[in-house]
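Q: Following this message is one structure expressed as structure tokens.
What follows draws every value from the coordinates through simple rules; no lab data is involved. Quantities reported herein were computed from a predicted structural model and do not represent experimental measurements. Neighbour counts are summed over all protein chains in view; Cβ atoms, including those assigned to glycine, are modelled from backbone coordinates with ideal geometry.
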Amino acid sequence: MAGPIPPHQPPRYSEPYPDEPFGPPGMPAPGPYPGVYPGALPPPVAYPKPRRRLGLWLGLVALVLVGAVVAGVLIIRSGQPSTTTAGGFTEASAKAAITNYLTALSKGDSEAIARNNLCGMYDGVKDRKSDLALAKLASDAFRRQFSGAEVTSIDSIVPWSNYQAQVLFTMKVASSGSRGTRGEEQGVAQLLRQGNQLLVCSYLLRTAAQY
């Protein structure tokens, strides 16, 4: 039979051995805390500054160069006559086509007048007698009005498509008979582009008598 249970006693902690270092076994003892940094502190490192100013100046120079190039192109274009219009029609080609048509009217060239008036269908028409007769009547009416006409300017080109346009032009005319020169008149022509040809499908003289 077991003896009586001894009363509870607090555990006894052993004192560290004075010869053993502080800390776990096998670890070296920590050295003394390092004091003030020996000597003078090194100078601060100079970091390169961002090259913002250089990039800004390069951007400004590029903008100035682009502006100069654009201005030069505009100056060159402004010094040239404005001949190109919307739809691919030019003042020079319109003037040439109308001049040829008026020349045919003044000379009585019925075939050239009919080719223009048929507006691209001349080669496909088998019987052209009526067309040639109408062309002769148009030439006679023109020659009764004018003894000659010269296109002086193309005032406006209104393109309907890449192949059709309405043209307002000014021509210098000489009246037939004894009435003398009438000066300048305006006319309207309907143009059609067919391949390499520019045809005058219709022609209308704008005179004060129409109003």
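Q: How much net charge surrounds Ala94 when only the other residues with a Cβ under 13 Å from the Cβ of Ala94 are counted, with Lys and Arg +1 and Asp and Glu -1?
A: 0
Q: For Leu105, what charge total do you get from the other residues with a beta carbon under 10 Å from its beta carbon, if Lys and Arg give +1 and Asp and Glu give -1?
A: 0
Q: From the phi of every residue in the stretch 122-131, what ³J(HN,Hα) in whole Hz does the Karplus formula 6.51 cos²θ - 1.76 cosθ + 1.60 yield, where θ is phi - 60° and glycine or proline is x?
A: Once θ is set to phi - 60°, the couplings for the stretch 122-131 become 4, 5, x, 7, 7, 10, 9, 4, 5, 5 Hz.
Q: Output the pairs from Lys107/Lys172; Lys95/Lys172; Lys95/Lys126 with a Cα-Cα distance over 23 Å in this structure; if there are none, say none.
A: In this structure, Lys95/Lys126 lie more than 23 Å apart at Cα.
Q: For the stretch 88-211, what does the alpha-carbon gyration tensor say about shape, rounded, prolate or oblate, given a ≥ b ≥ c as the root eigenvalues, a/c under 1.5 as rounded, and a/b over b/c as prolate?
A: Values: a/c = 2.09, a/b = 1.17, b/c = 1.80.
It comes out oblate by the Cα gyration axes.
Q: Let me ask something additional. Per residue of the stretch 148-159, in order, report the coupling 6.51 cos²θ - 1.76 cosθ + 1.60 (Karplus, θ = phi - 60°) as ³J(HN,Hα) in whole Hz, putting x for Gly and Pro.
A: x, 8, 9, 6, 9, 7, 9, 7, 7, 10, 10, x
Q: While we're looking at this one, here's another question. Simple spin-label model, 7 Å along Cα-to-Cβ: Leu65 to Lys126 in nm?
A: With each label point 7 Å from Cα toward Cβ, the separation is 7.0 nm.
Q: Here is a further query. What list of ³J(HN,Hα) couplings, whole Hz, do you get for the stretch 136-147 from phi and the Karplus terms 6.51, -1.76, 1.60, once you set θ to phi - 60° and write x for glycine and proline?
A: Taking θ as phi minus 60°, the curve returns 5, 5, 5, 5, 4, 5, 5, 6, 6, 7, 10, 8 Hz for the stretch 136-147.
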